[in-house]
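Shown next, in structure tokens, is the structure this report addresses.
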């Protein structure tokens, strides 16, 4: 199911589905800036009831996080849903949502834009299982509330696609990349990020040729935890109970996109996570793999070596250093939209419209 595009005057919900920092006093200037930017785009931000609750409350009440998402889908005046930020326990919302028939019906009957990244991967995969095409892309705090004088231009270019009807578009390499900030206080407002010229562009690390498939994936640490229960112990049970992951036949249709978090895992940890996917036959089943740029280019060359090592003996092609996930800037990755990847010429084309053509006014 495709959502409708955004129009000026549309309401967009802000949800805190994971780490509850949006309502903390130290975040107030970022919240104000994010709201202002959305309003300048012609949107009407709607803070959901629990979005501004404090960190402890959000951590202790995944059912309230789930309730906010449900309400955002049920309200047909809300046309888009923007996550505040990621976190590390978003999977805890899954049981409350998957056992709520009213929520599932709302997703099916009222599809709408849903964007976020990092541990929001869990919500993306849940919504994907329900049939909704969502967007691994910008969130409120990291992107819309960018502390510089404006959103990062590349990020804004792809966020603006939420307002456009295109038959297809290309995900291009950004000419520059930015370091993560080391401070986020009010005195940082207006200060540009440290940036660097992109020296690498897309790099093909394995295989060759052209493949076409449906995009699926997210943050590698979140996916690994969902397979193994490595962070909280019961993630794998939750995913298995609600059949969140694709079947073997469904994996064969996918182009897997994965990226690593701000934790900047060691090359050894990266290899361990990839081996888990390899042992589950996923890296062999999928049509190809897209890999996001590591944040701050941490372990850049070592990560490339890990991918080359893990994919030895596999025909699956791998394209490295795309601008999605935790590195800045970031594009939007539309789940389940037909995409063609040319691994020889290093091009990624979304082939089909990402929105319903006959959208509501």
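The values are calculated or read from the model by the stated rules, or taken from the named source; none is laboratory data. Fair warning: this is a prediction, and the values are worked out from it, not measured in the lab. Here the Cβ positions follow ideal geometry from the backbone for every residue, glycine too, while neighbour counts run over all protein chains shown.
Look at residue 77 and say whether it is surrounded by fewer than 24 Cβ atoms within 10 Å (Cβ to Cβ), over 28 Å from residue 243 (Cβ atoms) and over 22 Å from the mean Cα position of the chain (by Cα). So residue 77 passes the test. Looking at the structure I just gave you, is residue 170 in contact with a helix residue (DSSP H, G or I) (Cβ under 6 Å, 6 or more places away or on another chain), at pLDDT 95 or above and more than 30 Å from residue 100 (Cβ to Cβ)? It is false that residue 170 is in contact with a helix residue (DSSP H, G or I) (Cβ under 6 Å, 6 or more places away or on another chain), at pLDDT 95 or above and more than 30 Å from residue 100 (Cβ to Cβ).
None of 270, 256, 274 is touching a strand residue (DSSP E or B) at 6+ places or on another chain (Cβ under 8 Å) and surrounded by 14 or more Cβ atoms within 10 Å (Cβ to Cβ) except 256.
When you check residue 159 against the structure, is it touching a residue at least 24 places away in the same chain (Cβ under 8 Å), assigned by TED's automatic domain parsing to the domain that holds residue 32, assigned to a helix (DSSP H, G or I) and surrounded by 16 or more Cβ atoms within 10 Å (Cβ to Cβ), yes or no? Taking the combined requirement at face value, the residue satisfies it. Of the residues making up the stretch 333-347, those that are surrounded by 23 or more Cβ atoms within 10 Å (Cβ to Cβ) and closer than 30 Å to residue 78 by Cβ are 333, 334, 339. Checking each residue in the stretch 96-114 for being outside any helix (DSSP H, G or I) and either over 16 Å from residue 335 (Cβ atoms) or free of Cβ contacts under 8 Å to residues at least 12 places away in the same chain (or both) picks out 99, 100, 110.
All of (1) free of Cβ contacts under 8 Å to residues at least 24 places away in the same chain; (2) touching a strand residue (DSSP E or B) at 6+ places or on another chain (Cβ under 8 Å); (3) surrounded by 16 or more Cβ atoms within 10 Å (Cβ to Cβ) hold for residue 64 with one exception: (2). With respect to residue 221, is the statement that it is crowded, with 17+ Cβ neighbours inside 10 Å and farther than 23 Å from residue 112 by Cα true? Considered against the rule, which asks whether it is crowded, with 17+ Cβ neighbours inside 10 Å and farther than 23 Å from residue 112 by Cα, residue 221 comes out as yes. Where strands (runs of 3 or more DSSP E) fall wholly inside the stretch 1-95, the ranges with 3 or more residues that are out of contact with any helix residue (DSSP H, G or I) (no Cβ under 7 Å at 6 or more places or on another chain) are 44-47. Filtering the stretch 225-239 to residues that are surrounded by fewer than 22 Cβ atoms within 10 Å (Cβ to Cβ) and under 16 Å from residue 269 (Cα atoms) leaves 227, 228, 229, 230, 231.
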